[in-house]
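One structure below.
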Amino acid sequence: MRRFLILLIAVLMPLPLAAAPIHGIAMHGTPNLPADYRHFDYVNPQVKKGGSVRYGVVGTFDSLNPFNLKSIRTTARGIWDPAFGNLIYETLMTRSGNEPFTLYGLLAESVEWDDQRSFVQFNLNPKARWSDGQPVTPEDVMFSLQVLRDKGRVPFSARLDRISKMEKVGDHGVRFTFNEKADREFPLILASSTPILPKHAIDADSFDQSTLKPPVGSGPYLIKTIAPGERIVYERNPDYWGKDIPAKVGFDNYDRISVEYFLQESTMFEAFKKGAVDIYLEGSPTHWERAYDFPAAHNGDVIKDTFTPQLPTGMLGFVFNTRRPLFSDVNVRAGLSLVFDFEWANRNLFENAYTRTESFWQGSPLSSLGTPADERELTLLGAEKDRIEPDMLDGTYHLPKTDGSGADRAVLKKAVDLLEKGGYTIKDGRMSDDRGRHLSFEVMAQTIDQEKLAITYQRSLRLIGVDMRIRTVDDSQYQARSSNFDYDMIIKSYPSSLSPGIEQIGRWGSTARDAPGSNNFAGTADPDIDRLIEAMLTARLDEDFRASVRAYDRLLLSGHYLVPLYHVPNQWVARRKHISYPEILPLYGYQLNTWWDNRAQ
């Protein structure tokens, strides 16, 4: 009898599944901040809230729903916004700007998981409320995943694919059990990149449609006024539930935020000069040096600031759409890549302000540049190391430097030789294949600066008989065509972090190749790319993670999917003098949602 009771108790007792609830989670290692932290170290906790800020953007908007395909690039800024802050919708946890990939509680005040990360449980803050006063519930969390699966766009629509079970736990807990498709990063993506939506205030049937109806959110702001395509104005929610939680101290400091829309960058800058916009995010070194010769900049009403984040460079380039048969051969892509004369462009267009980018993670320990492939990398690559160029394997790879003339014969000869390997030779002054078809393509540009850059490339290509046309389109055409991959070549930026992960699937993964609205602009569908992304996502040790990213870097570079351009190590921001920011710069650089209006009393 005693033995039976012992067995019965053993069966009925719950198995230990996880440690006690914790305040934060990190991709690798543990959070830097203790459980009793009071605020992030890069904010001003004593800031006086109030005043206003006016942001400027180029483009238009016709929707307040950023999560469906129709509104993917025409949603009003600020609703769900990495630059201005998520003013309306929030996530379960929020990312620290001073750690590679660490999350702290937001809607969820604590989290539970096991060492294998086979499940995660979020325990909602009982104080969390929607803007209409209703509580944020586990049902809202589960509804969000469901409606995004059924009516949302990628990547939100794919989140449930990695979840085998979701369930309510108690009054405030929601638990997700993962299937074999999930990886070690996925719990963090679920926590920090999935919007939580109010079940009671959303019509699931019409969620895939654009709308200008002001939404109910849990965020710090409400929508005050809307002028579609022109302006959207937010005002602070005086009853915002999270204003005192540690992860929000020092954030969301304005009483009023307006986002002004402009058709052109030049028009927006003129508005900034006149005081109609308070902050101007500068992207051109020439413009930064030459354009601030106006009264407000001279008398101190406008201040220029330079910030230096501790991040890898990322990659900017002319991207080949490999869905086009023209760009299916790697030799053709490699040859065309050599033709761009960076030295000429840097001297004549940018006052030598830029550095050539030669790695997706340049300037960080994750870069393959200057680092020979070690045993970990070679094991990861396996037989695929043979498709990587030798100098990329041994760490000696560099793009050739030209003489800056715009017509360096030695470099152009290398380009011609590679194009010949790809089936093209110069015939009657034009680069043609053996059937007489000319090597001709179009680059789609969005701005005058992109057009100038394309003209530089066009001039060099013409020297070897390649015909590159330039089509500059307005914002709506650009968004529609880029979402549907309707271009031969496009200029795109690939920002990099110290914790690359699931976003790489959207940029380079096979599953994203034909998904409308994805960021797979190059059209890659390579099982070896997929395999290395998987290695990044499943790595447990820092050494294995770094090796997987470096191997991945080498594979992308060897694929010559874009013409690498340039970078600067700094971030440039001009502001009206009444806008201030914290003294400490986080790892990721300036964060606009920690800035404030110093006129506030």
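Some observations on this one:
- Cα-based helix-to-principal-axis angle, 409-421 vs the chain, degrees rounded to 10: 70 degrees
- Net charge contributed by nearby residues that have their C-beta within less than 14 Å of residue 487 (K/R +1, D/E -1): +3
- Kirkwood estimate for the stretch 315-567, i.e. one over the average of 1/r between Cα atoms, Å: 18.8 Å
- FRET efficiency, residue 115 to residue 356 (Cβ-Cβ, R0 35 Å, nearest 0.05): 0.25
- Cross-linked pairs 274/577; 49/224; 49/127; 70/243; 151/181; 224/304: Cα-Cα separations exceed 24 Å for 70/243; 224/304.
- Rg/Rh ratio calculated on Cα atoms of the stretch 398-499 (Kirkwood radius): 1.02
- The residues neighbouring residue 346, those whose beta-carbon lies less than 11 Å from its own, together hold a net charge of 0 under the Lys/Arg +1, Asp/Glu -1 convention.
- Straight-line cross-link partners of residue 248 among the aspartates and glutamates, defined as a Cα under 18 Å from its Cα and at least 8 positions apart when in the same chain: 36, 41, 81, 90, 99, 109, 235, 239, 583, 597.
- Estimated FRET transfer efficiency when R0 is 56 angstrom, pair residue 270-residue 410 (beta carbons, to 0.05): 0.80
- The value obtained for the stretch 41-106, namely the Cα convex hull volume divided by the number of residues, is 138 Å³ per residue.
- Calculation over all alpha carbon pairs of the stretch 367-435 in 5 angstrom steps from 0 returns a P(r) of 3, 14, 15, 16, 14, 15, 11, 8, 3, 1 percent.
- Compared with the dominant principal axis of the Cα atoms in the chain, helix 265-274 is inclined by about 60°.
- Nearby lysines by direct alpha-carbon distance to residue 401 (threshold 19 angstrom, same-chain neighbours under 8 apart not counted): 413, 414
- Seen from residue 139, the other residues with C-beta closer than 15 Å to its C-beta sum to a net charge of +1, counting Lys and Arg as +1 and Asp and Glu as -1.
- Per-residue Cβ neighbour counts within 10 Å put 399, 381 in the sequence 399, 381, beginning with the fewest.
- Burial ordering of 377, 451, fewest other beta-carbon atoms within 10 Å first: 451, 377
- Nitroxide proxy distance, nm - points 7 Å out along Cα→Cβ at residue 177 and residue 58: 5.1 nm
- Directionally averaged shadow of the stretch 186-257, computed from the convex hull of its alpha-carbon atoms, nm²: 6.7 nm²
- Rounded to the nearest 20 debye, dipole of the chain from Cβ charges on Lys, Arg, Asp, Glu: 720 debye
- Counting every other Cβ atom within 10 Å of each residue's Cβ, 93, 431, 392 order from fewest to most as 392, 431, 93.
- Computed lengthening from residue 149 to residue 203, 0.36 nm per intervening residue step minus Cα-Cα distance: 18.0 nm
- Angle between the chain longest axis and helix 542-559 axis [Cα atoms, degrees, rounded to 10]: 30 degrees
- Computed from the C-beta positions of residue 544 and residue 70, the FRET efficiency with R₀ = 51 Å rounds to 0.80.
- Computed over the chain: relative contact order in percent, which uses C-alpha pairs under 8 Å that are six or more apart: 20 percent
- Cα-only Debye scattering, the chain: base-10 log of I(q)/I(0) at q = 0.07, 0.12 Å⁻¹: -0.47, -1.37
Laboratory data are not the source of any read-out in this text; all were calculated from the coordinates shown. This structure is a prediction, so every number in the text was calculated from the model and none was measured. Methodologically, a virtual Cβ is constructed for each residue, glycine included, from the backbone with ideal geometry; neighbour enumeration extends over all protein chains shown.
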